[in-house]
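Structure record follows, encoded as structure tokens.
Every number here is computed from the coordinates shown, using simple stated rules; none is lab data. All of these numbers come straight from a predicted model, not from anything done at the bench. For neighbour counting, all protein chains shown are included, and Cβ atoms are generated from backbone atoms with ideal geometry for every residue, glycine included.
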Amino acid sequence: MRRVWAMGAAVALAVGGAVPAQAMGSSDAYENIQVGVTYTVYEPSYTAGLKAQHVGGNDLCPQGTEENVVAMYGKGSGRQFTIFEGNPMCQDIGVGAIVMTRKIQGATATVMAYCDPEKIKNCKKSDVLKYGGNLRVTLPAGPNLRPTEVWIETYGGPDGKNISAQQLVQIARKMQPVGG
């Protein structure tokens, strides 16, 4: 569980130091990132009613590697989730028990819940809402681009700030490639 909180802090630091994508020209941060990478950038059309707080690249990638997308939705004091996109991914994400799999755009998505194995014997998909979790899927490549690893994580902790496993799936299902 400490690893999950540490990852959240590391992402917050990395995002805080990132240059805003809006500086590149377009008013759509996702489109700005697509211009600089060779994997397909996806943008969610469903965000569980949460507003984007940050959409941009990160500085966790080693030199010579394409930046990853980091998009944070919601507020630190309320419900929230983060979308990570890349190929390859330049950071890690929390590990938990697999509680659901679904097909999304032809690929198998896995949903993990961040249950404490010392306290919870059989982790369930409802535990994503209680403890946080993530969805992982590789979405298809657009024309002349590469496929994209997508991770959607909710990590607000055990105080009701997470979104549900079903919402993670719906966000992933409603992701659309941006124009390249």
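Computed quantities for the displayed model
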item: Of all residues making up region 97-130, the number that are free of Cβ contacts under 8 Å to residues at least 40 places away in the same chain and either among the small types (Gly, Ala, Ser) or in contact with a Phe, Trp or Tyr (Cβ under 6 Å, 6 or more places away or on another chain) (or both); result: 5
item: Selection count, region 119-133, where residues are charged (D, E, K, R) and in contact with a strand residue (DSSP E or B) (Cβ under 7 Å, 6 or more places away or on another chain); result: 3
item: Failed condition for TYR73, given (1) of a type outside the set (A, V, I, L, M, F, W, C); (2) within 12 Å of the chain's Cα centre (by Cα); (3) surrounded by fewer than 20 Cβ atoms within 10 Å (Cβ to Cβ); result: (3)
item: Residue in region 42-49 that is more than 18 Å from GLY142 (Cα to Cα) and either in contact with a strand residue (DSSP E or B) (Cβ under 7 Å, 6 or more places away or on another chain) or crowded, with 18+ Cβ neighbours inside 10 Å (or both) present; result: yes
